[in-house]
Structure formats: C-alpha cells, structure tokens
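Undergrad: Handing you a structure now.
The values are calculated or read from the model by the stated rules, or taken from the named source; none is laboratory data. Predicted, not measured: the structure shown is a model, and the values here were computed from it. Backbone-built Cβ (ideal geometry, glycine too); neighbour counts: all protein chains shown.
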Amino acid sequence: MQEIVESALFAAKRAGASYVDIRSIQREEEDITTKNGAVDAIKHTGSKGFGVRVIANGGWGFSSSFIATPEEGERVANEAVQIALASSKTKLEDAKMSDSKVYQDRVPQPVKIDPFEMPITKKIMILLEADKAMNVQGIVVRKGSMHFSKEWKTFASSEGAYIEQERIVSGAGISVVATDGKEMQVRSYPNSFGGDYQRKGFEFIEEMDLVSHGKEIAEQSIKLLSAKQCPSGTMDIVLGSPQMALQIHESVGHPTELDRVLGEEASFAGTSFLTTDKLGTFKYGSDIVNITADATIPRALGGFAYDDEGVKAKRVYLVKNGIFVGYLNSRETAAKLDLEVMGAMRADNWNKMPIIRMTSINLEPGDKTFDELIKGIDHGVLMGTNKSWSIDQNRLNFQFGTEIGWEIKNGKIQEMVKNPTYTGITYEFWRKCDGIANKDFWHVWGVPNCGKGEPVQVMQVSHGTAPARFRDIQVGVLK
Amino acid sequence: MIGKERVLDILENVISLSSADQTEALFMGEESYLTGFANNYIHRNVGGKDCSLSVRVAIGKKVGSAIVNSFSKDAIKKVVRNAILIAKNQRENLDFVSFAKPEKRKDKDFFVEATANCTPEFRAEYVSKILSKTKAKGFIGSGKFETNALEVAVANSLGVERYTKLTVSTLKSVVLTDTSSGYSEYSSVDVNEIPLNDIIRESVEIAEKSQTPVSIEPGKYEVILTPYALADLIGSLSYIALNARAMNEGMSFLIGQIGKKVVGENVTMYDDGFSQETISLPFDFEGVPKKKVMFFDKGVAKGVVYDTLSAYKEGKKSTGHSLPQPSQYSPYPMNLIMEGGESSKEKMISHVKKGLYVQRFWYTNPMDPRNTVITGMTRDGLFLIENGKITKPVKNMRFIENIATALNNVLELSKERKIIYDMASVTAPYARIKDFTFTGKTEF
C-alpha cells in the first residue's frame, strides 16, 4: 500500500493539487440467509481498492480504482486532479478545510471470536434452530440472516497523516410473516430490517440468543392478525428502544448533518429545518432531552478511531437540556461556520468520496424505569419495532409505523393492537418528551443501511436508546 | 471497458477451474462518473472504475457463491475455491433445480460511445449553463450529472454465454428559492440526447411558480401526477407486488387475482427490456433473455416476473428478471412501462374543478404492502388547480394511498411519457386520478 500512497500523493501534487488524501480498503464479507427451514443463500465477498481525493485550483475531485498498483495510483491521482479542475470552473470561492491535528496510528480491533474462523455449519445451525422455533401454525414466511465483515483501511494525506484501522462487524436477526389471506403481520427480533449489528466478533451473535426468541415473535405475529386496530386520536405514547433508534435517526441524525443544512444534499434527500441561526438557541426538545454524537462508544456500529479525514473520534452534544447545540460536521463545513471539527466524515467504501455521516447518535438515558413510564399514562399506546417510515425533505413532518403495539389504560399495559402509526413535526414531538428510561434500559442499536448522497452510499451508524414517553401525539392514521 | 473477448475468456476460465456440478460466472465492470452541484457550484465531483466477478456453484442441491472485485489469476482461483467450499458446507436447497439453460435471442447493446467517453469538462459545461440561469434569477441550483458505462457478461457450465454493454446518463436539476423548489430530470443512453434547455426551463419554472405557497387542509383531492410522481407509485408497486417472490411470500395483492380485473380498464402496464422506451440490459444476471411480461392488460391482472429459482418452483420458465444472485429481492421488474392515453398535461388540468398538481413524491414507503398502502410526501412543486387552471402553489403534504385503488381511479393518461431511471427504469405518463388521499401537511 505504501508504494501506491507515495505514487498517488506525488502524482497529484505534481498535477497541481494543493491537498491530497488517499484511502484504501481491503474488505471481506459473509452473508447467510435462511428462509422457511432452508438456507436461502450464502455469499462470500472480497473487495479491495483505493480512492484519491484532491483539491486543485480550489475545486474538489475524487477518483478511484480496483487495480492496486503504483501505476494505477498515478493514473487515478491525475484523473482526480482533472476532475477537480473541472469543478473549479464553477467555484464561488476556494475549497478550504479547518485545521486538524495530524495523526500516524495503527488501530487493530481485537474480538473474542473471529467470525470468519467460526464454521459456516455452526452459523447455519443457529439460524435453522431459530427457524424451527418460529415454525408455528399460521406463519407463512420465516427468515433469518447473519452478516459478518472484516476490513483493513489505510488513510494517508499530503499533510502527513498515515492511519491504519481494522473493523470487524457482526450482525443477525430473525423475522416472521403471518397472514390470514387478507392481511399480513410481521414481527422481528431483535430489530426489524436485519436485526442488530455491532463491532464485535461472533460472541455478539451468541449474546443475541436468536433461538430463544423465535417462538415469541411467531406467536405475536399470529395474534396480531386478530388484534384490534390501534386507536386513532391524540394520546400519549411510549416508544420501545428499537423504535427510538429510528426516531432519532430520521428526526435528529439527518437534520443535524451540516452538509445537508448548508444545502449540499438538496437535490437528493433534501435540506434541513435546522438552519445555522438556530445553533445554540433553538428549543429542539423538552429539558430532559440530551442527544450526543459519540464515535467513541466501544463496539458501537457508528464508532471508529478516526474518520475518513483522519479526525480522531469524539463525543459531542447535539442537543443539551433540550437546546440544539451542535452539528455533525466535516473539516470543510466546520471551516465555513468556524466550528470545531468533530469527525463525522465517512465513505461506505474505497470507491466513494467521504460525506458527513452519523456516528453513534444517542438519546442519553433518563431517570425512569420502564414501569414508571407506563404508570404515568391514562390512555395511550406502547409501540415497538419499526415497520414503516417516511419523513419530508426538511426533516419536519414524519410518520412512522411499528410492528406491534399495546394499548395503555390507567397506567397499565392492556391488549395488543395492530398497525400502530404515529405522526408529528420533529421539534414539536421532541418537546413533548417527558420521560426517558434509565441506563439499565439503554442499548446501542446498530443500523447498517443508512442511505445518503449522490452517488448513494450505505453507511453503518448506531443509536443508543432507552424507551421514552411522549405526550399528546397524533396516533393511528392507517386507512 | 475490458471488452467482450477478454471478459468471456475470464468467465470460461472460471468455469473450467470449477469441479462443481454446475457453475455460473457473472462479470460486471463499471466506469462511473458523477458531477454533483449545490449552492450554485460543483461541490462533489467523483468517478472511478470497479468490477465484480461473481461465481455461483451447485453441488447437487447445495449452492454457494463468492464474489471478488479482481480478475487476476489468483483471484479467480480463490473465488472459485470459496464458492465450492461454501456449497460443500451448505444444506440442500430443495427448491434448486438448475442454473439457466441457453436460450436463443439476439443480444442488444444500449451503448453509446459519447456517454462512455464523457469528460468532466463536458459535465461541468452543462452544469455551468444551469447555474448561470439559477444565479441570474437569484435562485440556487443543485443536482447531478451522471455518466456511467457498464459491461455485463454471464456464462455457465450449461452453455449460457452472454455479453452486453450499457451506458446511462442522467441530468437532474433541483432549483431552490427562499420558499420553494422545482424539479426536472432526464435519463438517456446517449448523453447528447439530454435536453439541457428543457431541464433548465422545467426546474426553474416550477421553482419560480411555487414560491410563497399557501397551506390547505388534508383530504381527498383529484390529482394530476407528473411522470416523476407516477413512476414513484408504480415503482413501489413493482417491488411489493409484481414479482414471484412477493407472491410466494404471501405479500402481493395479486395472490388469487390473476385473470381478474384489479385496476382501471385504462391501465396497461408491463415490463419489456427490449423496448426502446426503456433503458435496459437485454438479459438478466443469470443470462436469461428478458421477456415481455404483462402485469395489467386493460386493468386485468396477467402475471408477475420470475427468475430461475422461482420459475422452477412453480413449473414455469424464467422471464429473465433475476438480480445478481443470491438476492433476497429477486426477481425484479427492471423495465416497467405504463402505457399512455390520449390526453395531455394541459387537457388534464383543464378538466380539474378542484385538485392538486403534484410534481414529485418523496420518501414513499409501504405501510401495508399486502394491501399496497404506501405513504410519502410531495416535493419540489405542489399546486392547487381550480376550475381548470393552476391557481396557487401549496405547501407540501403527506399522502397515504392504496396504489391499486389509485390505479382504479385513473381518469386520464397523457400521450407523453417519460423514462425515470434510478437503478431500474420506469416509463410513465401524466395521470389524472380521483380521490387521492392526503393526510397531513407541513410548514414549507
């Protein structure tokens, strides 16, 4: 790698670049899926390549290749400069980056059980055992999945940075579909859309204990078919921890991305209501709402040692005591607003240019027990596990649906309800938060599929959450 | 681009190295470039080369696959070895019968050299023209100009051998004012066919006319959907209902409905990878030539798409709609085409007493896929139509609609249609639809 780095850095500088960085990734992945008692697919993927990012004549350019040779390093660097010079034809001012300490470091990631050392037969066995547990009459689809990845990333820059990082990720989940011919109901464990992920070895899969939860979700999905419809109207809700992850993701994570705020995502996923005049003064939520961006949480999927600009991982507040106090930023956007860089620039692979991405965006734990959250409700709904999601391009009007709900009456959980949905305006919703469960109920959920950017990148992020209570929310709009 | 001869040599080498009962090799090479702009300048300008060599083997009914992004000798040996090792450690897939068998059909390239060789300077020039207009108006220009060249080849030990090249160029413009936004996009295999002036005109005009929108109450409205908005709806329908997997998993509203009238008589929709009205590969990722598959013929449900596995399971033939295997989303309609009608956008507007003109939907997601219920927001241009005329811009609204019901409520379709390309290609007309349900509003 050293030879390609030197070749690319030299070539880019010679071609006129004022700043150059090069990032190479070698990655191995394994995906296993099961369906209805059989293995659906097993896939092993290996990939490697590098990308060169430059500033030349004040414009940005990026080029990449899967051919890892010094000659290709030179060609790609020259192409990146050619692209940057084309960018500079429309520039309004020269691209600038805030100062950041330059590091040389090597960060391996030790795990208890290397997932690639664990035999495939053992992985299949766990999924098929879980499948057997889900095999309850009335279930039409039983699915299970596991994903493992291991990568070695090298980052070097013309400023002298040289950082190597290892990243090992394990994830898994199970789900069922029940239908009576007219409608269908789904249930998942431990979370929907692929389950849960962490930067851990195979021990994470064992901790999940998929097999023990199969029967429970199968029976719940059958019961949902005959459950009563979720009530409609304005009422109190308690969101379970996995649904809180989605709530934070869409209505806090994305709106606090400073590139989005500054209009750089306008043509794709939109901008943000969180304009720069609101920093430090805007009442985002109630006084008990504290939200952090923390890339330092050990094993969290949104964590790392250094981001893809070589900035060391940090923990910062986005919302403190209900007030909006910080953005997710990059060296360029931090320079634009004269902010301290907090290290949120990442790319999903070697062939993509880094953009601002969520790290681990967390609702800090509160002081209530789960029972205390429920006790304070006269009439409301407890909702769990995301089923559908939609939010406008300014991140204001959202509507989310969950797989399951339970009506709450007079401080007690009552019968199961189906098709729960709730809707709101982001900051009005967070201002209605009056209870957050304590750290005993807190879990960091791995979200492996956050889409953003053009070309689209799929990023691994995470959210630390505990169940939380919200007052007077519009519930139940399903036709 | 590596070229047909070399790519097929690589695939033959893969097959010759494999000791499995059946072996399939899929090669995809890509050179992709994207010039992104925002805030009236180019802020993201990227490109590069990548490839993937995917090997799938079957030992009896045990199937394994491995992928690598290299075609060096060592990489090829390793990827074949990995696929076989995985298959050996697999359990039998009782649904598996065989990989695809050869079929005769002439391949067809959707490939234009000018697109494959497009330079960053060319893209910057087009973008500059958009930005000079937005700056002159005091608006903000954003969007992307993308040019991609792809070569795809599939071969297997049963005698399938296919190679094709494809180019796609897409120019998208989103124009922002202080209180509004406007949208336009166009995709073509030929970069020189992109109608730059039309894109500028549409996106700027919509942004200009939708300034200072008013708020209206949610409810049922007659709507005119542009091809962008309609493509969003029917594109969603394609993955939640119009494929064998959705049928097999009990998810599709078409279960038990084939042969019955399920949408309006004026709705005819099909998938056709060989149509000139789409952007397509001529075969799927198993090497099966794409067949025309009718979904709705004058409102009557006719069928869904299949890949090899789902076809064998039901004693049918693959329709050529496999994604790269293994895939939990396959089979998939990649070339959805909705027939137009006799009307025009202008005529439709003149027929609306009170309704909404929707330029685009955003963040549509299924709420109840079995019943085709989805939700989403309007975006980049929403207007009130009163007594046959667009009267004022409206603040964005949330809709919840049953797609099948909406397709039953189609009053008129335009002759004019547009190809909307985003991974898959959807060709759609303008549509006038009654009783479209909006359930919420927002502040902008």
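For (1) under 27 Å from A:ALA56 (Cβ atoms); (2) free of Cβ contacts under 8 Å to residues at least 24 places away in the same chain, each residue gets a yes or a no:
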| site | (1), (2) |
| --- | --- |
| A:SER88 | yes, no |
| A:ARG106 | no, no |
| A:PRO119 | no, yes |
| A:MET125 | no, yes |
| A:ALA130 | no, no |
| A:MET134 | no, no |
| A:VAL141 | no, no |
| A:GLU159 | yes, no |
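Undergrad: Quick test for you: out of A:GLU3, A:GLU72, pick the one residue that is within 11 Å of chain B (Cβ to nearest Cβ) and of a type in the set (D, E, K, R).
TA: Exactly one residue qualifies, and that residue is A:GLU72.
Undergrad: Related question: Kindly establish whether A:THR292 is surrounded by fewer than 19 Cβ atoms within 10 Å (Cβ to Cβ) and either at positive phi or not in a loop (DSSP other than H, G, I, E, B) (or both).
TA: Here the answer is no, as A:THR292 does not meet what is asked.
Undergrad: Can you name every residue in segment B:21-36 that is under 24 Å from B:LEU171 (Cβ atoms) and either of a type in the set (Phe, Trp, Tyr) or in contact with a Pro (Cβ under 6 Å, 6 or more places away or on another chain) (or both)?
TA: Answer for segment B:21-36, where residues must be under 24 Å from B:LEU171 (Cβ atoms) and either of a type in the set (Phe, Trp, Tyr) or in contact with a Pro (Cβ under 6 Å, 6 or more places away or on another chain) (or both): B:TYR33, B:LEU34.
For every residue, the table says whether it meets (1) in contact with a Cys (Cβ under 9 Å, 6 or more places away or on another chain); (2) under 25 Å from B:VAL63 (Cα atoms); (3) more than 14 Å from chain A (Cβ to nearest Cβ).
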position: B:ASN243; (1), (2), (3): no, yes, yes
position: B:GLN257; (1), (2), (3): no, no, no
position: B:VAL262; (1), (2), (3): no, no, yes
position: B:SER280; (1), (2), (3): no, no, yes
position: B:ASP284; (1), (2), (3): no, yes, yes
position: B:MET294; (1), (2), (3): no, no, yes
position: B:GLY303; (1), (2), (3): no, no, yes
position: B:LEU309; (1), (2), (3): no, yes, no
position: B:TYR329; (1), (2), (3): no, yes, no
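Matching residues to (1) over 18 Å from A:GLN198 (Cα atoms); (2) assigned to a loop (DSSP other than H, G, I, E, B); (3) more than 22 Å from the chain's Cα centre (by Cα); (4) at pLDDT 95 or above:
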| site | (1), (2), (3), (4) |
| --- | --- |
| A:ALA335 | yes, no, yes, yes |
| A:GLU340 | yes, yes, yes, yes |
| A:ASP348 | no, yes, no, yes |
| A:ASN362 | no, no, no, yes |
| A:LEU373 | yes, no, yes, yes |
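Undergrad: Could I ask something else about it? Can you say whether A:ARG431 is surrounded by fewer than 24 Cβ atoms within 10 Å (Cβ to Cβ), more than 21 Å from A:GLN198 (Cβ to Cβ) and in contact with a Ser or Thr (Cβ under 6 Å, 6 or more places away or on another chain), as far as the supplied structure shows?
TA: yes
Undergrad: Does B:VAL262 satisfy being at pLDDT 95 or above, β-branched (Val, Ile, Thr) and buried (at least 24 other Cβ atoms within 10 Å of the Cβ)?
TA: Criteria not met by B:VAL262.
Undergrad: Of all the residues that make up segment A:142-160, how many are aliphatic (A, V, I, L, M) and surrounded by fewer than 20 Cβ atoms within 10 Å (Cβ to Cβ)?
TA: Going through segment A:142-160 one residue at a time, the tally reaches 0.
Undergrad: Restrict the check to segment B:395-407 and report whether at least one residue is basic (Lys, Arg) and surrounded by 20 or more Cβ atoms within 10 Å (Cβ to Cβ).
TA: yes
Undergrad: Kindly provide the set of residues from segment A:60-99 that are buried (at least 20 other Cβ atoms within 10 Å of the Cβ) and among the small types (Gly, Ala, Ser), ordered by number.
TA: Within segment A:60-99, A:GLY61, A:SER63, A:SER64, A:SER65, A:GLY73, A:ALA77, A:ALA80, A:ALA84, A:ALA86, A:SER87, A:SER88, A:ALA95 qualify.
Undergrad: Out of all the residues in segment B:236-245, which are in a helix (DSSP H, G or I), of a type in the set (Gly, Ala, Ser) and more than 10 Å from B:SER310 (Cβ to Cβ)?
TA: Hits for segment B:236-245 are B:SER236, B:SER238.
Undergrad: Does A:MET345 satisfy the criteria of being among the aliphatic types (A, V, I, L, M), within 14 Å of another protein chain (Cβ to nearest Cβ) and without any contact (Cβ under 8 Å) to a residue 40 or more places away in the chain?
TA: yes
Undergrad: Out of everything in segment A:177-205 that is surrounded by fewer than 18 Cβ atoms within 10 Å (Cβ to Cβ) and in contact (Cβ under 8 Å) with a residue 60 or more places away in the chain, what residue ends up being nearest to the other protein chains (Cβ to nearest Cβ)?
TA: It comes out as A:PHE193.
Undergrad: While we're on this one: Is it the case that segment A:23-44 has a residue that's of a type in the set (Lys, Arg), in contact with a Phe, Trp or Tyr (Cβ under 6 Å, 6 or more places away or on another chain) and within 10 Å of chain B (Cβ to nearest Cβ)?
TA: Among the residues of segment A:23-44, not one is of a type in the set (Lys, Arg), in contact with a Phe, Trp or Tyr (Cβ under 6 Å, 6 or more places away or on another chain) and within 10 Å of chain B (Cβ to nearest Cβ), which makes the answer no.
Undergrad: Out of A:VAL107, A:VAL140, which single residue is out of contact with any helix residue (DSSP H, G or I) (no Cβ under 8 Å at 6 or more places or on another chain) and at the interface with chain B (Cβ under 10 Å from one of its Cβ atoms)?
TA: Result: A:VAL140 is the single residue among A:VAL107, A:VAL140 that is out of contact with any helix residue (DSSP H, G or I) (no Cβ under 8 Å at 6 or more places or on another chain) and at the interface with chain B (Cβ under 10 Å from one of its Cβ atoms).
Results for (1) modelled with pLDDT of 95 or more; (2) farther than 30 Å from B:HIS43 by Cα, shown as yes or no for each residue.
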site: B:VAL55; (1), (2): yes, yes
site: B:ALA66; (1), (2): yes, yes
site: B:LYS77; (1), (2): yes, yes
site: B:LYS104; (1), (2): no, yes
site: B:SER128; (1), (2): yes, no
site: B:VAL154; (1), (2): yes, yes
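Undergrad: Which condition number in (1) of a type in the set (S, T, N, Q); (2) within 23 Å of B:ASP380 (Cα to Cα); (3) within 13 Å of chain B (Cβ to nearest Cβ) is the one that A:SER232 fails?
TA: For A:SER232, the failing item is (2).
Undergrad: Of everything in segment A:1-41, what is under 30 Å from A:ARG142 (Cα atoms), among the hydrophobic types (A, V, I, L, M, F, W, C) and over 24 Å from the mean Cα position of the chain (by Cα)? Give them in sequence order.
TA: Residues satisfying the conditions are A:ALA38, A:VAL39, A:ALA41.
Undergrad: Now, a different point. Out of B:GLU202, B:GLU217, B:GLU222, which single residue is among the charged types (D, E, K, R) and farther than 20 Å from B:SER414 by Cβ?
TA: Answer to the selection: B:GLU217.
Undergrad: Residue under question is A:SER18, and the condition is that it be at pLDDT 95 or above, surrounded by fewer than 23 Cβ atoms within 10 Å (Cβ to Cβ) and of a type in the set (Gly, Ala, Ser); does it hold?
TA: Yes.
Undergrad: Which pairs turn up if I take residues in segment A:47-61 that are more than 23 Å from B:SER70 (Cα to Cα) and more than 9 Å from chain B (Cβ to nearest Cβ) and look for partners that are in a loop (DSSP other than H, G, I, E, B) and of a type outside the set (S, T, N, Q) with beta carbon separation below 6 Å, at least 6 apart in sequence or on another chain?
TA: A:ILE55/A:ALA95; A:ALA56/A:GLY16; A:GLY58/A:LYS91; A:GLY58/A:ASP94; A:GLY58/A:ALA95
Undergrad: Test of understanding: among B:LYS88, B:LYS137, B:LYS165, B:LYS104, which residue is among the charged types (D, E, K, R) and over 30 Å from B:GLN22 (Cβ atoms)?
TA: So the residue among B:LYS88, B:LYS137, B:LYS165, B:LYS104 that is among the charged types (D, E, K, R) and over 30 Å from B:GLN22 (Cβ atoms) is B:LYS137.
Undergrad: From the list B:LEU233, B:LEU281, exactly one residue is out of contact with any His (no Cβ under 7 Å at 6 or more places or on another chain), aliphatic (A, V, I, L, M) and over 18 Å from B:THR308 (Cα atoms). Which is it?
TA: B:LEU233
Undergrad: While we're looking at this one, here's another question. Which residue is nearest to the other protein chains (Cβ to nearest Cβ), if the candidates are limited to segment A:262-289 and must be buried (at least 20 other Cβ atoms within 10 Å of the Cβ) and closer than 14 Å to A:VAL325 by Cα?
TA: This residue is A:LEU274.
Undergrad: So, in segment B:40-85, of the ones that are charged (D, E, K, R) and touching a strand residue (DSSP E or B) at 6+ places or on another chain (Cβ under 6 Å), which residue ends up nearest to B:SER19 (Cα to Cα)?
TA: Taking the candidates together, the pick is B:ARG56.
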